[in-house]
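Quick note: the coordinates plus some simple rules give every number you see, no bench work behind them. Note that the coordinates shown come from a computational prediction; the quantities given were computed from them, not determined experimentally. Here the Cβ positions follow ideal geometry from the backbone for every residue, glycine too, while neighbour counts run over all protein chains shown.
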Amino acid sequence: MGEAVGGLGVSVRVLMIGAHPDDEDTQLITYLAKGRHIETAYLSLTRGDGGQNLIGNELGPLLGMIRTQELLAARRIDGGRQYFTRAYDFGFSKTAAETFKHWPSDSILRDMISVIRAYRPQVIISVWSGTPRDGHGHHQVSGILSREAFDLAGDTVRYPRSATNGLGAWTPTVFYRSARVFGRGADQPMPGTLPIDVGAYDVLEGRTYAAIAAESRSQHRSQGQGNLAPLEPRLDHVRLEVALPPASSRDSTSLFAGMDTSFARFATLPLPAAARAAVDSLDGARTEIARRLHLADPWAAVVPIAHFLDLAQRAAAGARGCAATGMPVPVCAGAMGDFATTMDEQVRRAKRALLLAAG
């Protein structure tokens with residue numbers, strides 16, 4: 001209940017990109033999704049079809065099906081969402097050049113841009129550096145294409161709407177690369193990076209985000225993943241590579257430094273009067289929910305949550321030109337697309353909170 005209500009009013013999105021199931025930084029996903037109530041997703045280029053199977057005889061596409069379900073199970077625990085491209089895991093590759101011989105880069109890049117335009121993240125985090133130090137050629141290509149997708153998602157000349165299922169352009173705000181450290185030194189600051197305390201304790205869950213992440217990681221059973229949650233402090237690190245506007249106008253204290261993450265960023269959108277009034281009332285409605293909410297008596301919050309839901313639905317109805325037959329997500333571009341996606345999220349979260357409050 002507390003987690004559901006905590007997500008009301010949070011309107012930013014993060015997309016992490018890697019090559020395989022188990023590449024994802026589960027600790028960071030958990031911290032963002034559960035600790036900060038931020039919409040967080042992992043895009044795996046492949047489904048892990050080319051790996052080994054430690055729990056059965058299934059290989060190839062059948063193993064890809066198993067690892068798809070393992071990823072979905074992991075996201076149910078850590079709170080993230082899951083996306084894929086059509087890249088096929090053909091087994092170990094030594095270099096990016098070798099991987100590009102097997103992967104049609106333009107098709108995979110189109111898939112990645114389609115996900116970005118549908119999900120509309122403000123922040124993209126690449127798990128891999130895109131250099132030979134990544135080792136596996138798939139990892140290197142993942143790092144290379146992640147940056148290209150960030151740069152091209154807003155380019156409707158190179159990738160018109162028709163190439164991405166009618167989805168309008170979207171330009172993410174910042175691009176980070178993971179700078180994780182494993183083992184000794186994982187709890188120490190790293191110069192030039194943003195440290196994130198992924199080992200913090202969640203009072204509602206009764207355990208740390210690292211412990212939740214360890215359970216999520218353990219879902220990768222076909223790869224023998226999983227271990228006991230670390231008890232010591234845990235810092236995660238990311239390194240800023242691109243920021244729009246440039247990083248000189250930002251500080252380094254938050255993934256979202258310099259961004260307007262409030263509903264106020266929609267103040268200049270041309271919305272119908274009813275939708276505008278609803279948007280302007282959302283913050284007040286959220287404050288009333290916080291005032292009335294008592295976890296021992298969630299029923300007291302039913303009326304204010306229902307009011308927030310009504311406002312979010314009226315606001316969502318004001319998104320012009322965003323609905324398209326057969327499309328489960330808004331198709332409009334730019335700020336209106338951000339608005340439509342955000343209001344849809346608020347409606348979904350408010351419905352869940354209302355169901356929980358009502359018992």
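Considering only Trp299, Trp128, Trp170, the mean-square fluctuation computed in a Gaussian network model of the chain, springs between alpha carbons under 10 angstrom, is largest for Trp299.
Given the DSSP H assignment, sum -39500 (n - 2.57) over each helix run of at least 4 residues in the chain and divide by its residue total; what's the result at 222 nm in deg cm²/dmol, nearest 500? The helix-only estimate for the chain comes to -12000 deg cm²/dmol at 222 nm. Computed over the range 230-359, the convex hull of the alpha-carbon atoms projects to a mean area of 12.1 nm².
Put a dot 7 Å past the Cα of Leu244, heading toward its Cβ, do the same for His102, and the two dots end up 3.3 nm apart. Computed about the Cα centre, the dipole magnitude for the range 227-343 is approximately 240 debye when only Lys and Arg (+1) and Asp and Glu (-1) carry charge, each at its Cβ. In this structure, Val157 and Lys94 have a Cβ-Cβ separation that, at R0 = 30 Å, corresponds to a calculated FRET efficiency of about 0.30. Once both axes come from the Cα atoms, what is the angle between helix 137-152 and the longest principal axis of the chain, in degrees from 0 to 90, rounded to 10? Approximately 40 degrees, to the nearest 10. Maximal additional length on extending the Arg180-Arg221 stretch stands at 12.5 nm, based on 0.36 nm per residue less the C-alpha distance.
Measure nothing fancy, just the Cα-based angle from helix 302-316's long axis to the longest principal axis of the chain, in degrees from 0 to 90, nearest 10. Once rounded, one gets 70 degrees.
Ordered by the count of other Cβ atoms within 10 Å of each Cβ, fewest first, Met16, Met327 give Met327, Met16. Computed about the Cα centre, the dipole magnitude for the chain is approximately 500 debye when only Lys and Arg (+1) and Asp and Glu (-1) carry charge, each at its Cβ. Under a 5 Å amide H cut-off, with hydrogens placed 1.01 Å from N, Ile125 pairs with Leu15, Met16, Ile17, Tyr176 among residues at least 5 apart or on other chains. Taking the DSSP bridge list for the chain and keeping only pairs wholly inside it, about 40 percent are antiparallel. When only Cα pairs below 8 angstrom with a gap of at least 6 residues are kept, the chain shows a relative contact order of 19 percent. To the nearest ten degrees, helix 273-292 and the longest principal axis of the Cα atoms of the chain are 90 degrees apart.
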